[in-house]
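Data first, discussion second: the structure below is written as structure tokens.
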Amino acid sequence: MRPAPALLAALLLALPAPASSAGSAAGAWHAVPWVTADALTDPAVTRGGEGGQWIRSLAIDGADGSFLIYGTDVGGLFRTLDGGDTWEPANVGYEPRGTCAVAIDPANPDRCLSVGANSVASDAHGIWLSTDRAGSWEHKLVARISSTVDFRQQLAYDAASFDEALGFCTDAYWSRIRDDEAKWGEVQPDPALYRTSDGGETWERLPGSEPFAGGHLVTHPTRRGVLYATHPGGLSVSEDRGESFRLLLAGNFAGVAVSPDRPDALWVAHPGGLKISHDGGRTWADSPMTGVSLEGREGVVFEHPTASPVDADRLAVRSRDEDWSWKLHVSGDGGRGFREAAFDNDLAFLPFNVRHWAVAWSPTNARIGHTVGGDWATRSLDGGETFAWAGDGINGIKVGGAFHFGSASPGTVYLGAQDYNGAITRDGGRTWSYVNASGDGWGGMAYGGFAVDDRTLIVGKGEGWDGLRVVTVSTDGGETMREVPGATWDGNRSDPATFGLESSLADPRREGVWFCGPFRTADAGGSWERMTGCHGVVAAQGGLLYGVRQTDGDDAAVVTSADGGVAWRPLVGGYARIRDVAPEVGGDGVYFVADKKLHRFDADTGVEVLDTPGDARWGRNVASVATDPGRPGRLYAAQHTNAHKSSVGAMVSRDGGRTWASLTRTEPLDGSGDGGGLDGGNEASWVRVDPATGDAWFATGCYGLWRWSPAD
């Protein structure tokens, strides 16, 4: 058990003071995207990319269309420098978990803006500026917003404000959300328009702009200081850089489109379709919406039109309805007639779900447009008639709970996933197969996946992000899944009688002894029983199993078993929550994560709190720890906040935890991509070391699966 306070104090004083370092470590990040073997035979696929997070905004440069930014709700930003052929995460210096708007300077692609957002209210949100094509970011305006379901055109550069001496557009505008509500935390409502006159370095709140905020906002393509804003009263225009507005059109509007190809044309979306003006809003006509069928659809609304900058006749608008039968409509005649866009999902890994489509059109070729799937990037090469998967490098899956490397089938790893069920690899992560644990077509919840061998899979199938899980087993490699009757457990720690840790494992020394959450089987899944004194098994070494016992107070403990999980003995305890355990390699110590800190325990020295580098805002938030079986003294730790991107998400120690190096990238992206220059491992939630390669695999909170390859 935990040593008495006086003894513990003496033990801690006797130990050398641990040092902490956030320096760099030699090695490289490699993405581990979920991709099928068949997809990798396609010339368009070099790495694959499952996507997996809901996109909030997409922006394209105004020069040649090679640079785009793809912004998600809670999984950060991605960029492409080759027109969508390949993508990479672009979150260096960027603290928000997501975005609700991105924009690129139409005259200088090096400069871009993002409005940080997340389901949690945070002071990390607001406006962020990059001056190196999203290679790094700086916070310029703090706004405690959430904006997690904010799908507006709200951030716009003024192309006519280009300053030749400075080399960039000086003016940009932001329309702050009107009705904001966070899932967690308190927002600070302040609907207004904001303006920058120095390219995004500083921002001012425009007095009297409140009535015109919270809607869609675009700028005139050629007239400086002219901006159009939708609001509860209709569509208004400002001709003095947002100082004043006059009403152009009364109504309820959900998006405005403009095009440099026809500068005075306007298209506005309303519940019934589109209204079109060719004279800056003085006169209007209703689009006949030819080719758009509303048959069988209830509550249809049209939203977010976008027009090609080189061919104003090329236009896209989405329609939403109450039954998720959403459509993307594309016009080739300026918005009078439409065809429904098709989606080619042959190369996509995850199930296709409708999304808030908005097309980012190429600035040079009217036949090229970009939008999303599904939760992945898509691209059209035929004017918007067909959009095909183009998400090479976008990996954003959230692994559900823990994962482990098994010993029976080297190279085989099965992962559960939040929202998208999970996947299995049989070649060390190069290719994957989707495993539909829930049986639902759209996706599903699965936590703590483990492959006993390449045919036998165990996972806790969930009914939602929280709540009940049920032990679920496959004996045919994931083709079919079987729930175990009565083997249910709860991920909520409030009731120890029903709680279970989201981890599955097999005893490497006892055939047929498996674990899933708080349940154990000794006959290869024939029968399952809830364990006494252990809520989940997370490690095995030297004939011992290591698990966690949770309570509703302050007596959570690391527990061990020497008989295959029949009986459990407390090793060290007295904590509110224990999340992970890793036995020391080549020693008698045990590392464990308790109450957001990493500890080391052995019988001779007692408990030591290791001085791991903390997050710049919240301090230590360690979530997982792993030792390297091939390198004694080497251990890794994962850290995340769930509220903002932790400044240190992954870390390594080479001396048993005495000193540490952060693995989170702080240097601007250099374009070297998967050759070692990636921005990986952000918001790490779990870590284990592959015994076959020595690489550390990090699961993350919606930033995808990553592999750290050490140089030594």
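The values are calculated or read from the model by the stated rules, or taken from the named source; none is laboratory data. Bear in mind that the values here come from a model prediction, so they are computed numbers and not experimental data. Glycine also receives a Cβ, built like all others from the backbone with ideal geometry; neighbour counts cover every protein chain displayed.
Of all residues in the stretch 121-132, none satisfies being touching a Cys at 6+ places or on another chain (Cβ under 8 Å), at pLDDT 95 or above and closer than 25 Å to residue 699 by Cα. Among the residues of the stretch 602-628, those identified as under 17 Å from residue 686 (Cα atoms) and of a type outside the set (Asp, Glu) are 612, 613, 614, 620, 621, 622, 623, 624, 625, 626, 627.
Checking each residue in the stretch 421-434 for being surrounded by fewer than 24 Cβ atoms within 10 Å (Cβ to Cβ), closer than 25 Å to residue 482 by Cβ and of a type outside the set (S, T, N, Q) picks out 424, 426, 434. State whether one or more residues within the stretch 65-83 are in the same structural domain as residue 142 (by TED's automatic domain parsing), of a type in the set (S, T, N, Q) and assigned to a loop (DSSP other than H, G, I, E, B). No, because not a single residue in the stretch 65-83 is in the same structural domain as residue 142 (by TED's automatic domain parsing), of a type in the set (S, T, N, Q) and assigned to a loop (DSSP other than H, G, I, E, B). When the stretch 355-413 is filtered for residues that are hydrophobic (A, V, I, L, M, F, W, C) and under 18 Å from the mean Cα position of the chain (by Cα), the ones remaining, listed by number, are 372, 376, 377, 390, 394, 397, 399, 402.
Those strands (runs of 3 or more DSSP E) of the stretch 634-691 in which at least 2 residues are of a type outside the set (A, V, I, L, M, F, W, C), considering only elements entirely within it, cover 635-639, 684-689. Among the candidates 265, 213, 285, the residue that is of a type in the set (A, V, I, L, M), within 25 Å of residue 362 (Cα to Cα) and modelled with pLDDT of 95 or more is uniquely 265. The set of residues in the stretch 598-632 being basic (Lys, Arg) and closer than 15 Å to residue 688 by Cα consists of 631 alone.
Taken over the stretch 445-472, the criterion of being among the aliphatic types (A, V, I, L, M) and either assigned to a strand (DSSP E or B) or free of Cβ contacts under 8 Å to residues at least 60 places away in the same chain (or both) is satisfied by 445, 446, 451, 457, 458, 459, 468, 470, 471. Of the residues making up the stretch 587-597, those that are touching a residue at least 24 places away in the same chain (Cβ under 8 Å) and either surrounded by fewer than 16 Cβ atoms within 10 Å (Cβ to Cβ) or within 23 Å of residue 403 (Cβ to Cβ) (or both) are 587, 590, 591, 592, 593, 594, 596, 597.
Out of 288, 305, 309, one residue alone is surrounded by 21 or more Cβ atoms within 10 Å (Cβ to Cβ), of a type outside the set (A, V, I, L, M, F, W, C) and assigned to a loop (DSSP other than H, G, I, E, B). It is 309.
In the stretch 169-258, counting only strands (runs of 3 or more DSSP E) that sit wholly within it, the ones holding 3 or more residues that are under 22 Å from residue 115 (Cα atoms) and of a type outside the set (Ser, Thr, Tyr) span 227-231. Being more than 18 Å from residue 661 (Cβ to Cβ), of a type in the set (Asp, Glu), over 24 Å from the mean Cα position of the chain (by Cα) and part of a loop (DSSP other than H, G, I, E, B) is a condition met by no residue of the stretch 609-631. The residues on offer are 560, 641, 612, and the sole one that is in contact with a strand residue (DSSP E or B) (Cβ under 8 Å, 6 or more places away or on another chain), among the hydroxyl-bearing types (Ser, Thr, Tyr) and outside the structural domain of residue 705 (by TED's automatic domain parsing) is 560. The residues in the stretch 7-42 that are surrounded by fewer than 16 Cβ atoms within 10 Å (Cβ to Cβ), at pLDDT 95 or above and not acidic (Asp, Glu) can be counted, and the count is 3.
Could you look through the stretch 312-338, keep only residues that are surrounded by fewer than 19 Cβ atoms within 10 Å (Cβ to Cβ) and not small (Gly, Ala, Ser), and pick out the one that is nearest to residue 59 (Cα to Cα)?
Of everything passing the filter in the stretch 312-338, 313 is nearest to residue 59 (Cα to Cα).
For the stretch 481-505, a residue qualifies if it is modelled with pLDDT of 95 or more and either of a type in the set (A, V, I, L, M) or out of contact with any strand residue (DSSP E or B) (no Cβ under 6 Å at 6 or more places or on another chain) (or both), and the qualifying residues are 481, 484, 485, 486, 487, 501, 505. Counting only strands (runs of 3 or more DSSP E) that fall entirely inside the stretch 98-144 and contain at least 3 residues that are within 18 Å of the chain's Cα centre (by Cα) and surrounded by 24 or more Cβ atoms within 10 Å (Cβ to Cβ), the qualifying elements are 98-104, 112-117.
Every condition in (1) in contact with a strand residue (DSSP E or B) (Cβ under 9 Å, 6 or more places away or on another chain); (2) over 22 Å from residue 679 (Cα atoms) holds for residue 364 except the one numbered (1).
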